[in-house]
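First the structure, in the form of structure tokens, and then the observations on it.
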Amino acid sequence: MRGAKGNAKAMLQLKLMLPLLRKEFLEAWRDRRALIMAVSFALLFPAMIAGGSTFMIKKKAEEVTRVAVLGGAQAPLLTEKLDGPGFEVVSLDDGEPRSLLGQGYQLVLVVGDEFDQRYRDFLAPPLYVYVDSSNTSSGRAQRQLQDRLAALQQLVVTQRLVARGVATQVLAPWKLEVRDVSTPSARGALLLAMVPGLLILTLFVASLATSVDTSAGERERLSLETLLLQPLAAWQIITAKMLAVASLGWLGALMSITALVLLMPLMPLAELGIQQATTLSGVFTMGLLLLPLALLVAVLQILLALRSQSFKDAQTQLSILQIAPLVLLMALDMAQVSLEGSWQLVPLVSHQQWLKDLLVGEVVSVPAMLAGSAVTLLCVVAAVLLGAKALRRESLLSAA
Amino acid sequence: MIQVQGISKSFAGQPVLRDLSFEVPDARITALLGANGAGKTSCLRILCGLLRAETGQVLVGGIDPAREPQGVRRQLGVVGDREGLYERLTVVEYLDIFARMQGLSGAALKSALASVCEELELQSLWRRRMGGFSQGERMKVSLARALVHRPKHLILDEPTRGLDVLAVRLLRRTLLRLRSAGTAILFSSHVMPEVAELSDRVLVMSQGRIVGRGAPDELIAETGSENLEDSFVALAYGERTRMAEEVV
């Protein structure tokens with residue numbers, strides 16, 4: 001009998017909460033400014049990643065080191081051997097190195113006047129490389145030229161020794177070869193490492209305007225007082241607000257994931273040696289994983305905004321709040337903290353790890369995801385209760 | 001009936017209400033008069049359960065708002081000192097939502113909405129979003145929200161502020177009809193002719209205390225004044241002057 005009474009009361013409470021939910025969702029989804037902000041950020045960052053990677057590949061493909069050689073007639077073989085893929089060698093009869101560096105050449109190689117004669121006499125003729133170190137691409141060009149000259153030098157030494165009957169193995173105790181063992185997905189992880197952080201940031205940015213409007217905004221307009229005068233529990237008001245705010249944040253994150261996955265085929269990932277490994281189930285899992293986090297972000301933003309003195313104050317505080325998690329995640333990344341074990345239960349940190357793995361098609365432990373999500377939901381419940389307490393504060397009312 | 005017995009309240013150690021007692025009987029319009037800072041809004045907020053009194057007791061229809069705020073809010077209609085509207089909702093959405101929060105549904109909801117729409121002449125505003133409404137339109141919608149669930153008690157905090165003549169007339173007509181229907185009405189105002197015309201009883205507040213109570217004519221006679229405004233000044237500011245003299 002008592003159980004039936006309790007159920008009826010719970011049903012009534014739920015029934016009274018539905019119109020409140022409708023009000024919060026209508027208010028949130030009709031706020032054009034908040035929607036534009038949410039959609040813009042959600043689409044902007046995948047577009048930036050796609051554009052950025054395309055630009056990187058294009059730049060890499062088009063990257064040619066231009067080298068001017070002065071006095072190249074003294075060393076025609078050298079000039080000929082330097083030419084090759086990624087190098088454009090132009091032999092000039094005269095010119096001034098400084099002015100040539102200002103004319104689009106990254107390096108100027110000056111061959112000394114008596115190079116030919118000194119080379120024949122084994123007198124190590126000098127070669128001068130002119131470089132403008134204030135030019136950002138000069139360092140890479142200089143390294144490339146030095147590598148090529150070193151390889152050429154090694155070839156000449158070998159030939160000279162062979163001509164004198166010396167075994168070249170004497171000069172080369174070992175042969176060094178570098179082999180890249182990274183998998184395509186791992187290389188993808190490197191490129192996409194910033195995506196989880198940006199997805200989490202999307203949750204904050206996409207819901208910021210709504211969270212301020214529904215809490216500090218309502219307080220300032222005194223419509224919050226009207227709401228508090230209704231026969232509803234404070235936790236119901238906070239929950240309805242949280243759901244409306246989270247819906248925008250979550251939608252923003254889902255849009256970002258969708259845009260990213262749709263843009264991936266257009267990105268020149270293959271040219272970077274990356275195969276697209278994000279699976280459909282991975283995308284679906286990412287969406288589900290972000291839901292509890294969207295709720296937590298929403299309720300935390302509402303809590304902070306309710307504590308603010310004004311609408312403007314709330315905006316400032318929340319702008320700082322949205323940077324904080326990114327700083328934390330970056331700090332953990334830089335400190336190379338091992339994020340195994342109990343870290344998997346920490347909201348944000350665990351989400352970043354899971355998203356990173358899912359993006360590159362790695363398998364993520366389902367029990368770990370369930371446990372981590374349960375912890376996040378517990379944090380949500382605690383934050384809702386804190387929010388309900390904040391709503392009961394007398395200082396919340398303007399004139400009080 | 002609303003019963004207030006010996007309530008006190010202070011903010012940051014500053015007393016706002018001091019041992020306040022009064023009654024708001026059913027089927028009567030009671031006006032609460034007081035200068036700015038007299039404690040009117042704090043008093044009304046305690047009646048609604050938004051603030052808690054430090055001493056004393058409040059009963060709204062026999063229910064203590066401090067103990068059972070939700071029970072009190074079901075039988076209370078409140079128009080605050082600002083309208084508390086949502087600019088992105090239409091009038092019908094707004095009223096429908098608040099009526100449902102009060103537990104109305106089905107035919108009762110439909111009938112309640114139709115009734116407030118007609119009584120407060122909201123037809124032309126019905127499907128318009130509330131952003132950009134005039135002060136009069138905002139007040140009408142706010143009053144409709146307070147009345148849609150047909151509360152037994154109505155509290156209005158300066159309801160005529162910024163209203164034009166037609167809106168004031170409509171408000172007056174509505175309040176008189178509600179009084180006839182048995183509603184206990186408590187409203188605060190600064191507009192003396194309106195208080196004199198509308199109210200059955202007047203409570204004059206000063207420095208958090210009731211310094212005068214009675215029918216408008218009784219107060220005028222009691223203070224030997226020519227009208228309610230003079231009577232109010234004598235009661236409210238005379239009291240303040242007297243208290244200042246006591247301190248000196």
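The values are calculated or read from the model by the stated rules, or taken from the named source; none is laboratory data. Worth saying up front: this structure is predicted, and the values here are computed from it rather than measured. Every residue, glycine among them, receives a Cβ derived from its backbone with ideal geometry; neighbour counts consider all protein chains shown.
A:GLU218 meets each of the listed conditions (1) modelled with pLDDT under 95; (2) more than 13 Å from chain B (Cβ to nearest Cβ) apart from (2). Taking segment B:116-134 as the range and being among the polar types (S, T, N, Q) and surrounded by fewer than 11 Cβ atoms within 10 Å (Cβ to Cβ) as the test, the residues that pass are B:GLN123, B:SER124.
The strands (runs of 3 or more DSSP E) found entirely in segment B:1-80 that carry 3 or more residues being charged (D, E, K, R) and modelled with pLDDT of 90 or more are B:14-24.
No other residue among A:THR54, A:THR65 is polar (S, T, N, Q) and either in contact with a Gly (Cβ under 7 Å, 6 or more places away or on another chain) or within 14 Å of chain B (Cβ to nearest Cβ) (or both) apart from A:THR65.
Within segment B:64-112, being more than 10 Å from chain A (Cβ to nearest Cβ) and among the β-branched types (Val, Ile, Thr) holds for B:VAL91, B:VAL92. In the condition set (1) more than 10 Å from every other protein chain (Cβ to nearest Cβ); (2) at pLDDT 90 or above, A:LEU18 is compliant with all but (1).
Selection of helices (runs of 4 or more DSSP H) fully inside segment B:147-226 by the criterion of at least 3 residues being free of Cβ contacts under 8 Å to residues at least 24 places away in the same chain returns B:165-180, B:216-223.
The single condition from (1) among the aromatic types (Phe, Trp, Tyr); (2) in contact with a strand residue (DSSP E or B) (Cβ under 8 Å, 6 or more places away or on another chain); (3) at pLDDT 85 or above that A:PHE41 fails is (2). Criterion applied to A:VAL364, A:VAL375 was being touching a Phe, Trp or Tyr at 6+ places or on another chain (Cβ under 6 Å), in contact (Cβ under 8 Å) with a residue 24 or more places away in the chain and among the aliphatic types (A, V, I, L, M), and the one residue passing it is A:VAL364.
A quick yes/no check of all residues on (1) in contact with a Ser or Thr (Cβ under 8 Å, 6 or more places away or on another chain); (2) closer than 20 Å to A:LEU155 by Cβ; (3) surrounded by fewer than 14 Cβ atoms within 10 Å (Cβ to Cβ):
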residue	(1), (2), (3)
A:THR79	yes, yes, no
A:SER99	no, no, yes
A:GLN103	no, no, yes
A:LEU109	no, yes, no
A:PRO125	no, yes, no
A:VAL131	yes, no, no
A:SER134	no, no, yes
